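The values are calculated or read from the model by the stated rules, or taken from the named source; none is laboratory data. Keep in mind it's a predicted model, so treat the numbers as computed, not measured. Methodologically, a virtual Cβ is constructed for each residue, glycine included, from the backbone with ideal geometry; neighbour enumeration extends over all protein chains shown. Side chains are part of the model used for accessible areas, which takes the heavy atoms of the whole protein and leaves out ligands, DNA and RNA. Shrake-Rupley method; radii C 1.70, N 1.55, O 1.52, S 1.80 Å.
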Amino acid sequence: MLNPNYEYTHMKKRLPQPHHLLRLAIGMICALLAAHSSFAEKTPMQEYVEAMQPGWNLGNSLDASPTETSWGNAPATQELIEQVAAQGFKSIRIPVTWNQYVGPAPDYTIDPAWMDRVQEVVDWSIEADLYVMLNMHHDSIWMRDMPADHDAVLERFNAIWSQIAPRFRDYSNKLHFESINEPEFHDADDATQIALLDELNISFFDIVRGTGGNNATRPLVLPTLRTNNSQQYLDALKDTIEYLDDPNLIATVHEYGYWPFAVNITGVTKFDGAAKDWTMSGLERVNDTLVANGIPVIVGEIGLLDFSRVDEGVQRGQALQYFEHVLSYLQSTGMTYQWWDAGGFFNRSTFDWITPELYDYMLACAQGRSSTGATDLVFVDGEAPADVEIPLNLNGNSFVSITDNGSPLTEGVDYTLDGDVLTLKTSFLEQYASGEYGVKTVLETNFSSGLPWKLFVRNLGKMVLAPATTTKGLDLVIPTDFGGDVLEAMEAKYVGVAWPNPGPADWTSFQRYKENYLPNYAGKAMTIKNTFFQSTNNDPIDLIFHMWSGRVVKYRVTFTAGTVDGDADEWVVYDDSLVGWNDWASWAPRDLASTTTVQSGTNSIEVNAGAWGGVVLGHNPWETPVDTSTFKTLNFWIHGGSEGGQNIGVNVGHPNPEDSNGVIWGSATTVRPEAGTWTKVEIPLSIFGAEGWSDINRLSFQNFRGETAPTYYIDDIKFTSSLASNVTFIDGAQLSPNTLSVDRGGFALNRRARTYAQRVTVTNTGTEDVFGPIYLALDELSSNTSLANADGTTLESAPIDSPYILLTDGTIEPGASINAVLQFSMPRSGGITYTTRTIVGGENP
């Protein structure tokens, strides 16, 4: 608890003495004069602080525990310190944790070898002509017990500073001391914590000043509570500094941005709106409360908690917007910042920057503002590249040009500029809409001042997450083909449950990056951390991956017998209940939780369809929209009840862009379930004309007869990205690719194109429709020949070493034919030999 005499003696010390009253009066007059002056001279300490810009932290080294190398960094060397200075840094903050090197009470003697080591690093820094901040760092952890163990904590704190201060008494004033890093106290309200910090700061001041020598005027740095910029903490520190009435005092806060943005949680992924307002309002409070009142400020740590490498955690472009905006503001207000680097930014062995552009922006901010864009990602869909709009943050500059590998783009042809909105045209982007997925080129947007803003043009394919299994207690590693896309955020929701959410923070469905999930683009894997599973029950969970392209991909996780199982990319509509869907305008009698006849689980949908009766399901408008463009198949199970033979029309729909309440339906197809049995139905979306639709949100099952249909049941409805299997039950008939015949015509020579062409006719010789997609694959093609017009799309089950073309993704009716022309490169000799093979729905017959 608090020293019972502390509050009285502390307040007594603050009572104004006669000479203090005179000083106070003079100070008030000066403040009034300054308020009416168009400019005010900087104090020597303000100039001192500005000369420290920019600064760097030797993080996770001398502050590590239990030894200097325990947190992954090699011992600091003189070469490292020299390299830091060579990078243009003017100051270095040396965080030191003393606790593990301190002996028992009452002397609390610091291990001489440790004191020597700290002094060695300080000496190297001074010799490198750096301003040096030395502090007590993670000692703030044991100091949190001060409310319950006041005297012991204060004695230990005083004893440590009573040894540090005289050790460095004769050092020049390029060395300064910081009392304590990020102070806070357990089991105490804000008022009590503020009073305790005030006591520690004043005790620190008295100890250092009392050792004399250069310590009598050495700059001293005092933190707010938690080094936070809340107004009450700033006001309290201002009171302490004004009370101490010493011209060589500096305030310090830390800046890590808007917390949800800084750690990628709650879906805040962009530096706009709330993130920007929250960050800047805090810094403006610091400026208005401290700097504007003559108290210089060092932002002793600045960064984003989950940003160190490109496209991880806080995305590269969003992070650079944050740093450009914040560092420029600090520069303009005279607040010095010191970059927090725990070894993830400046490589301490090679002395290279892991994220060089971050370093570039740090240096550029000293010269003025750079222009940025709302994004640095441009996605080009290979199927239909479209114009891409990019709002620009000009920051006082003017647009100059765009270059692609040094070549300027042509305005009006390759791009347009309307105010601060840049539009990249389809005619320019389509050249990057083929080949390997991922970054195809990097454009540079150039402005009248500052750094160019880079735009990464990425060719976009399909993202596929494969099934995966792990043991409970371990991470789940999902083999993942990102298809050139970049992960923005991950949600997790229990299937059919609105709240609570799975994961450590059950108040949000969006999970924290790195703590709960981690993409590995190079290794083609998505890791769901065990820390996430530790905060879940055994109910199924839908993982929802939001991609920067705008696509949304779902992945279901189930728990059985001590294992964690992940299923392939799918979107579940019904699984014992509707999942994110609702009963939308159905007009047939139905029971959405029937237990009479069930395919799996406990419930199914029971339908008693009157004449033309229908069940219509709709995706809830308040649910996160799902990008359905990668789905290929509608899957469900149907049971004909005791009679069977119903004529059930199935269809899908999506929103009408010209009518916010309207729906555009596809082309319906029919299903005839059998009596007394469950039948699995897989309908290619191409049958509805809906493959590639990005916004499917309706699904209907309608009796296509004008008379009441017998009761039937539906269960386990979902969309999948897999192609339908080669045996599909439609209209009650089992279809086989063997009903297709192939007839080849003669060769014709096209000398201009230097190709041979052959006409191929594929005919449905059966009595039922054959549904696509249907491909024609070639086996045993001559080694000196290639198929010039191969489709080039890798199928899930097509042989990758056989050339093939797409015949149709629609239907071949009985007796109907599809024609294709095969174009072969002209063989050098020996003619052309090959055999043909039809592939239906991606499956080999």
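Here is how the numbers come out for the structure above:
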item: Cross-chain or 6+ apart pairs with Cβ under 8 Å, the range 453-472 first and of a type in the set (Ser, Thr, Tyr) and open to solvent by less than 30 Å² (accessible area, probe 1.4 Å), then modelled with pLDDT of 85 or more and not in a loop (DSSP other than H, G, I, E, B); result: THR470/LEU476; THR470/VAL477
item: For ALA609: the one exception among (1) within 38 Å of the chain's Cα centre (by Cα); (2) at pLDDT below 90; (3) not acidic (Asp, Glu); result: (1)
item: Any helices (runs of 4 or more DSSP H) falling wholly within the range 96-172 and containing at least 1 residues that are of a type outside the set (Lys, Arg) and closer than 29 Å to ASP187 by Cα; result: 140-143, 150-167
item: Matching strands (runs of 3 or more DSSP E) fully within the range 523-602 where at least 1 residues are touching a Ser or Thr at 6+ places or on another chain (Cβ under 6 Å); result: 525-528, 563-566, 570-574, 590-594
item: All positions within the range 268-317 that are open to solvent by less than 40 Å² (accessible area, probe 1.4 Å) and aromatic (Phe, Trp, Tyr); result: PHE271, PHE307
item: Selection from the range 254-272 of residues that are hydroxyl-bearing (Ser, Thr, Tyr) and under 25 Å from ILE180 (Cα atoms); result: TYR256, TYR258
item: Unmet requirement for ARG705, which otherwise passes all of (1) open to solvent by less than 10 Å² (accessible area, probe 1.4 Å); (2) closer than 19 Å to VAL607 by Cβ; result: (1)
item: Hits in the range 534-547 - residues which are crowded, with 21+ Cβ neighbours inside 10 Å, at pLDDT 90 or above and not aliphatic (A, V, I, L, M); result: PHE545
item: Residue that is modelled with the lowest pLDDT, among those in the range 697-727 that are outside any loop (DSSP other than H, G, I, E, B) and hydrophobic (A, V, I, L, M, F, W, C); result: PHE719
item: Residue, nearest to VAL291 (Cα to Cα), within the range 46-94, restricted to residues that are in a loop (DSSP other than H, G, I, E, B) and of a type in the set (Phe, Trp, Tyr); result: PHE89
item: Selected residue (criterion: surrounded by the most Cβ atoms within 10 Å (Cβ to Cβ)) from residues of the range 416-450 that are assigned to a loop (DSSP other than H, G, I, E, B) and of a type in the set (Asp, Glu); result: ASP420
item: Entirely in the range 610-686, the strands (runs of 3 or more DSSP E) that have 2 or more residues that are farther than 19 Å from ALA588 by Cα and open to solvent by 20 Å² or more (accessible area, probe 1.4 Å); result: 648-656, 659-665, 678-684
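Okay, residues lined up against (1) surrounded by fewer than 17 Cβ atoms within 10 Å (Cβ to Cβ); (2) touching a residue at least 24 places away in the same chain (Cβ under 8 Å):
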site: ILE110; (1), (2): no, yes
site: ALA113; (1), (2): yes, no
site: ASP129; (1), (2): yes, yes
site: VAL132; (1), (2): no, yes
site: ASP139; (1), (2): no, yes
site: ARG156; (1), (2): no, yes
site: HIS176; (1), (2): no, yes
site: ASN181; (1), (2): no, yes
